[in-house]
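Novice: Here's a structure for you.
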Amino acid sequence: MSLQTIARRYASALAEVTVDRNEEAPVQQEINYWADLMANNSQLREVFANPTIPYDQKQRVLEELIARTRIGETSASFLRVLLRNQRLAELKYIAERFGHVLDERHGIVGANVTTARPIPEDVKTALQKALSAKTGRDVRLSFTTDESIIGGVVAQIGSTIFDGSVQGQLDRLGGELMNR
């Protein structure tokens, strides 16, 4: 079974529970915190990913961390299920997919925006409004920079790419000139 399938299944199940209990925001925050904790601590990742470490030792480590972080019961139960099913090492992917599932349920679509340089907040707001108008849905933007696009903006929503970059325009112009 692929990692994407695993992440989708666990994320969807967690979303069902959190929506029913009206706990989406706190659980998402806790699961993201734990995903970051695991991603930034190689020893912790190794403990939960290593099949030679006995389950009861992993369980003791998890319970100690749950007690220290004082997370809610829904998040704690979910982490226990992941440990029991030997999926705690995939928490980063599950947490990411969980965010996507919650966004889908609330009618929000994610957009990855690439610019040559960081852009001011007012431009980000205008871009979000424009993409919302184009898609007819609320849009959550995430930004990256890539100097190779020279200038302008490239936005990706799902498999759709809106390329308003200088590099993209140059590529299109070059293609048109080649076809003449």
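Novice: Mind checking which residues of the range 128-155 are assigned to a strand (DSSP E or B) and closer than 20 Å to ARG105 by Cα?
Specialist: Step one: of the range 128-155, the residues assigned to a strand (DSSP E or B) are 138-145, 153-155.
Matches in the range 128-155: ASP138, VAL139, ARG140, LEU141, SER142.
Novice: Does PHE143 meet the test of being among the aromatic types (Phe, Trp, Tyr), assigned by TED's automatic domain parsing to the domain that holds THR74 and at pLDDT 90 or above?
Specialist: Spelling it out, it is not the case that PHE143 is among the aromatic types (Phe, Trp, Tyr), assigned by TED's automatic domain parsing to the domain that holds THR74 and at pLDDT 90 or above.
Novice: Scanning for something over 30 Å from TYR33 (Cβ atoms) and surrounded by fewer than 17 Cβ atoms within 10 Å (Cβ to Cβ), does the range 95-108 turn up at least one residue?
Specialist: Taking the range 95-108 first, the residues over 30 Å from TYR33 (Cβ atoms) are none.
No.
Novice: How many residues, within the range 66-90, are crowded, with 17+ Cβ neighbours inside 10 Å and free of Cβ contacts under 8 Å to residues at least 40 places away in the same chain?
Specialist: 3
Novice: Inspect the range 7-27 for any residue being outside any helix (DSSP H, G or I) and surrounded by 12 or more Cβ atoms within 10 Å (Cβ to Cβ) and give the result as yes or no. I'd like the intermediate steps shown before the answer.
Specialist: Here is the first cut: in the range 7-27, the residues outside any helix (DSSP H, G or I) are 22-23.
Narrowing further to those that are surrounded by 12 or more Cβ atoms within 10 Å (Cβ to Cβ): 23.
Yes - at least one qualifying residue is present in the range 7-27.
Novice: Being surrounded by 16 or more Cβ atoms within 10 Å (Cβ to Cβ) and hydroxyl-bearing (Ser, Thr, Tyr): is that true of THR125 here?
Specialist: Criteria not met by THR125.
Novice: When you go through ARG117, ARG80 one by one, which is the residue that is of a type in the set (D, E, K, R) and either in the same structural domain as THR144 (by TED's automatic domain parsing) or farther than 19 Å from ASP20 by Cβ (or both)?
Specialist: Matching residue, one of ARG117, ARG80: ARG117.
Novice: Still on this structure: I'd like to know if the range 145-163 contains one or more residues that are exposed (fewer than 14 other Cβ atoms within 10 Å of the Cβ), within 30 Å of MET38 (Cα to Cα) and touching an Asp or Glu at 6+ places or on another chain (Cβ under 7 Å).
Specialist: Let us first name the residues in the range 145-163 that are exposed (fewer than 14 other Cβ atoms within 10 Å of the Cβ), namely 145-148, 150-151, 158-161.
Subsequent filtering for residues that are within 30 Å of MET38 (Cα to Cα) retains 145-146, 158-159.
Next cut, touching an Asp or Glu at 6+ places or on another chain (Cβ under 7 Å) only: none.
So far as the range 145-163 goes, no, none of its residues is exposed (fewer than 14 other Cβ atoms within 10 Å of the Cβ), within 30 Å of MET38 (Cα to Cα) and touching an Asp or Glu at 6+ places or on another chain (Cβ under 7 Å).
Novice: Based on what the data block shows, is VAL47 more than 21 Å from the chain's Cα centre (by Cα) and more than 21 Å from PHE143 (Cα to Cα)?
Specialist: Values: more than 21 Å from the chain's Cα centre (by Cα): yes; more than 21 Å from PHE143 (Cα to Cα): yes.
Yes, satisfied.
Novice: Now for a different question. Name the residue that is surrounded by the most Cβ atoms within 10 Å (Cβ to Cβ), counting only residues in the range 28-65 that are charged (D, E, K, R), within 23 Å of GLY99 (Cα to Cα) and in contact (Cβ under 8 Å) with a residue 24 or more places away in the chain.
Specialist: GLU30
The values are calculated or read from the model by the stated rules, or taken from the named source; none is laboratory data. No experiment lies behind these values; they were computed from the predicted model shown. Note that we place each Cβ from the backbone using ideal geometry, even for glycine, and neighbour counts take in every protein chain shown.
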